[in-house]
Every structure is written in structure tokens, then in C-alpha cells.
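Everything on this sheet refers to the single structure shown next.
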Amino acid sequence: MAHPFQLGFQDAMSPIMEELHHFHDHTLMIVFLISTLVLYIITLMMTTKLTYTNTMNAQEVEMIWTVLPAIVLITIALPSLRVLYLMDEINNPHLTIKAMGHQWYWTYEYTDYKNLEFDSYMIPTQSLPNGHFRLLEVDHRVVMPMESPIRMLISAEDVLHSWAIPSLGVKADAVPGRLNQSTFIMMRPGVFYGQCSEICGANHSFMPIVVESVPLKHFENWSSLMLS
């Protein structure tokens, strides 16, 4: 999860988030180089007293400042399209979970199982166990198997919500009457925190999301316990 005064992203826990990290670093380096070049030119123009009249009508310069931005945009657009394709690709998910947004809690349904459904509420501060995070912990975590393709079906029953887990690179709007989907793979065990990222009302910031990644054997034991 995020730390105080953190400037970068959270640690990547899925291949999609790793790709987003790489694309962010790639784009940031291009922006840094452009900013440095512009700052250098501005400084040069402010400090020099010379005037070059032969550059007022230079076809070569006009060609450079037309073609060069197009090349820069292409170097940004191609990796961006690749990441968008990877985020939208869904290939034989091992588990499908449906998340329904309510005011102000989440309902999860494991569609591959019969009668495996529960509500997930934020734990009030006065009932929070020692060592847990305030305003982020819930009474029922979403348990998922690690190293397995997971498909999330996301919708809402009242107003707009958003199901977002930053460390997994997942953010999908929950729209009433519409079923959105997202996919991800958790590469290591752990507990990942997120929140509703849509301004859905007075308690918008009080409907957290907690995903627990466990080995497949532990997930099977958990599902058997929930169904019993």
C-alpha cells in the first residue's frame, strides 16, 4: 500500500502493473528530455544578445520542429497501445468474481461457485483490531488464488462507483445497468488495498476494497469453509 510522502507508484503485484511502471518511466524520461531542451533554449534566448536574421525563414528548422514532435508522439503512442491491449486481453480466466457497488459497501459473488456471495463493509475505527489500517480494513476480504487469471465483473445498483486496486493496476467504473470487466494475475501472496475511486456520495471514501492473494490450496480450503 502507499506510504506517507510517497512520490511513485505502489509496488507492482501483477504483470499489468509492471507494464504500467515501465510505460510511466519511458514517458517520464521523454518529458524530462523535452523539458530540459525547452529550458535550455529559453535560457539561451534570455542571455544572448545576438540576432540571426538568416533563421527567420529557415525551411530546415521548420521541418525539424514539425517532424520531431510527431516522432516523439509515436514513441509514446506505440507502448501505450500495447499496454491498453494487454489490459483488455482476457484469455480463459480461472476464476470469475462479480463486484456490485452499493451505497456504501461492496457485494462480491463468486460466479463459479453456488451460493458463494457476501457483503464487504469497512470496519469502524472503534472496532478495528490492533495492527490493521484505519478506513482501509473490511470485515470480509476478497480471497483470490495467486498465479491464476482472474476476471472481475463490475457493476453498481445505485450510483457510480469505481473498483480500484493500485498495486494490481486495476481500475474499472461500476455503472448501474452496465457490466464492465477487468482481468489481472497476482504473482505473489499478500493483501492489497484499494478504495472506490468515484465520487459516489457522502461516504465515498468509506467503502474500501481489500484483496487477499493466497496459494490455490488455501483458496480451496477457504471456499469450502465459506460454502459449508
### Task
Positive end of the charge dipole of the chain (Lys, Arg +1 and Asp, Glu -1 on Cβ, about the Cα centre): tell me which of Asn221, His140, Leu86 has its Cα farthest that way.
Leu86
#### Entry: Cα coordinate range in the stretch 111-175, projected on the principal axes (Å, largest first)
34, 31, 28
### Summary
Here Rg/Rh (Cα, Kirkwood) for the stretch 15-88 equals 1.17
### Query
For the chain, how many pairs of lysine residues have a Cα-Cα distance under 23 Å, where the two are 8 or more positions apart or belong to different chains?
4
### Task
Mind pulling the per residue volume of the convex hull built on the Cα atoms of the stretch 95-227? Å³ is fine.
105
### Task
Mind checking the per residue accessible area of the chain for me, 1.4 Å probe, whole number of Å²?
64
### Query
Whose amide H sits under 5 Å from the amide H of Ile123, counting only residues 5 or more places off or on another chain, with H placed in the peptide plane?
Glu137, Val138, Asp139
#### Entry: Relative counts (whole %) of C-alpha pair distances in the stretch 154-200, using bins that are 5 Å wide
5, 22, 28, 21, 14, 7, 3
### Message
Just to be sure I understand: of the beta bridges DSSP finds with both ends in the stretch 81-203, what percent are antiparallel, rounded to 5?
### Response
70
### Rg followed by Dmax, in Å, when the stretch 103-144 is reduced to its Cα trace
12.1, 36
### Message
For Glu147, what residues show an amide H to amide H distance below 5 Å, using hydrogens built from the backbone and excluding near sequence neighbours?
### Response
Met186, Met187, Arg188
### Query
Considering only the chain, what is the antiparallel percent among its DSSP beta bridges, to the nearest 5?
70
### Scaled radius of gyration (Cα, divided by 2.2 N^0.38 Å) that the chain gives
1.37
### Query
Does anything in the stretch 124-142 have its amide N under 15 Å from the 7 Å Cα→Cβ label point of Asn203, and if so which residues?
124-127, 135-140
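The values are calculated or read from the model by the stated rules, or taken from the named source; none is laboratory data. What you see is a predicted model, and the numbers here were worked out from it, not measured in a lab. Virtual Cβ from ideal backbone geometry, glycine too; neighbours counted across all protein chains shown. Quick note on the areas: whole protein, heavy atoms, side chains included, nothing else; ligands and nucleic acids left out. Shrake-Rupley method; radii C 1.70, N 1.55, O 1.52, S 1.80 Å.
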